[in-house]
1. Would you mind finding the one in Lys75, Lys56 that is at pLDDT below 90, in contact with a helix residue (DSSP H, G or I) (Cβ under 7 Å, 6 or more places away or on another chain) and either small (Gly, Ala, Ser) or open to solvent by 70 Å² or more (accessible area, probe 1.4 Å) (or both)?
2. Give me a count of the residues in the range 382-398 that are exposed (fewer than 14 other Cβ atoms within 10 Å of the Cβ) and at negative phi.
3. Assuming Gln39 fulfils every condition listed in (1) buried (at least 22 other Cβ atoms within 10 Å of the Cβ); (2) modelled with pLDDT of 85 or more apart from one, which condition is it?
4. Identify all residues within the range 103-159 that are among the β-branched types (Val, Ile, Thr) and surrounded by fewer than 17 Cβ atoms within 10 Å (Cβ to Cβ); write none if there are none.
5. Of all residues in the range 160-189 being surrounded by 18 or more Cβ atoms within 10 Å (Cβ to Cβ) and of a type in the set (Phe, Trp, Tyr), which is nearest to Leu11 (Cα to Cα)?
6. Condition first: buried (at least 19 other Cβ atoms within 10 Å of the Cβ) and either aromatic (Phe, Trp, Tyr) or not in a helix (DSSP H, G or I) (or both). Now tell me which residues in the range 236-270 satisfy that.
7. Select, from Arg198, Arg183, the only residue that is of a type in the set (Lys, Arg) and in contact (Cβ under 8 Å) with a residue 24 or more places away in the chain.
8. So how many residues does the range 97-140 have that are at pLDDT below 95, in a helix (DSSP H, G or I) and of a type in the set (Ser, Thr, Tyr)?
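The values are calculated or read from the model by the stated rules, or taken from the named source; none is laboratory data. Values in this document were obtained by computation on a predicted structure and should not be read as measured data. Every residue, glycine among them, receives a Cβ derived from its backbone with ideal geometry; neighbour counts consider all protein chains shown. Side chains included, ligands, DNA and RNA excluded: accessible areas come from the protein's heavy atoms. Shrake-Rupley method; radii C 1.70, N 1.55, O 1.52, S 1.80 Å.
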Amino acid sequence: MSTAQQVPDILSPEFAANPYSAYRVMRETAPLIWHEPTQSYIISRYDDVERVFKDKKNEFTTDNYNWQIEPVHGKTILQLSGREHAVRRALVAPAFRGSDLQQKFLPVIEHNSRALIDAFRHTGSADLVADYATRFPVNVIADMLGLDKADHPRFHRWYTSVIAFLGNLSGDPEVTAAGERTRVEFAEYMVPIVRERREKPGDDLLSALCAAEVDGVKMSDEDIKAFCSLLLAAGGETTDKAIASIFANLLLHPDQLAAVREDRSLIARAFAETLRYTPPVHMIMRQSATEVEVSGGTIPPGATVTCLIGAANRDENRYGDPDRFNIFREDLTSATAFSAAADHLAFALGRHFCVGALLAKAEVEIGVDQLLDAMPDVRLAEGYDPVEQGVFTRGPQSLPVRFTPVTD
């Protein structure tokens with residue numbers, strides 16, 4: 001097993017500036033690293049990360065979330081296992097697939113996307129991060145839950161502090177305190193609304209969660225509050241980063257942008273390749289339940305395991321020419337990219353596969369389609385190079401574009 005000294009440290013400025021070259025070194029020379037600052041074992045190869053996520057032998061747990069996310073969300077579905085997890089997932093999953101998604105929420109997604117685009121479509125310029133990506137998924141979730149979109153600034157502040165808490169690998173006490181404050185503030189905001197929906201249900205996701213029942217089990221107020229907190233943070237931050245990244249990748253590859261513009265069915269391919277090439281979430285942790293042999297050595301029981309999605313998704317033993325963005329690659333299947341049978345790792349895999357994957361797919365497909373209609377000749381602002389930022393989650397912080405306004 002390697003020590004962190006042999007490769008760029010995941011907490012270093014060099015790593016934050018460009019993790020991909022560090023990932024390559026890790027995969028090739030240090031596939032298992034003990035990282036003292038985070039007290040975790042870091043794994044970077046596709047086969048190893050896939051094995052942890054699929055966990056067919058029950059070698060790993062999500063007990064790490066007890067300290068990693070419970071302080072900001074409360075106890076969430078991510079921490080549960082066995083029957084308890086299966087029942088909770090069955091309570092929330094219907095809203096994110098099938099007829100509910102198609103009938104109830106696609107119109108919500110379309111309306112929210114169009115409203116944001118209408119604010120800049122006649123101007124000829126926009127910042128696709130500030131004007132669109134950071135607002136769109138949070139507005140959709142607020143509408144789905146039946147919350148007041150006028151509270152958007154609060155939602156955005158909350159989920160930003162939650163994501164900062166989750167990615168606080170260096171243990172900054174101010175970030176920790178802000179995250180813990182968010183839990184209190186969100187509960188004070190959310191619990192009265194949950195109780196009100198129990199009394200007077202509407203046709204929204206929050207009301208559906210209040211009424212949902214599986215095998216005699218219903219969700220408590222705390223369960224629902226924690227799930228809504230998780231949904232705002234996970235659904236806001238990741239879809240925000242994904243939309244910014246898909247456009248950054250396409251704008252930097254004009255031939256592929258032209259292909260997507262001509263054939264909108266390719267948006268799903270572009271999204272799948274973006275999830276592989278520049279995933280919104282670069283690392284997910286698990287905890288070992290037993291001693292586990294992986295590439296490079298042995299992980300002892302009870303250890304935190306940092307799974308580097310960003311590294312595994314560029315593993316040369318899994319993908320041809322992995323450092324090239326190519327929506328036409330034949331070793332990535334867009335048909336299964338948004339299911340637990342995905343052949344990338346951006347949504348995790350196995351029983352904790354992202355419950356919101358199809359919602360994210362719908363948001364990205366509708367959003368990209370509408371944006372391309374509104375900006376048929378979209379291009380990066382002159383001299384601008386979209387730079388990714390972040391370590392735990394990663395994406396462009398700004399994406400200024402120019403286009404010829406389309407007159408109605």
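1. Unique residue meeting the criteria: Lys75.
2. 4
3. (1)
4. Selection gives Thr123 alone.
5. Going through the qualifying residues, I end up with Phe165.
6. Answer for the range 236-270, where residues must be buried (at least 19 other Cβ atoms within 10 Å of the Cβ) and either aromatic (Phe, Trp, Tyr) or not in a helix (DSSP H, G or I) (or both): just Phe247.
7. Arg183
8. Selection size over the range 97-140: 1.
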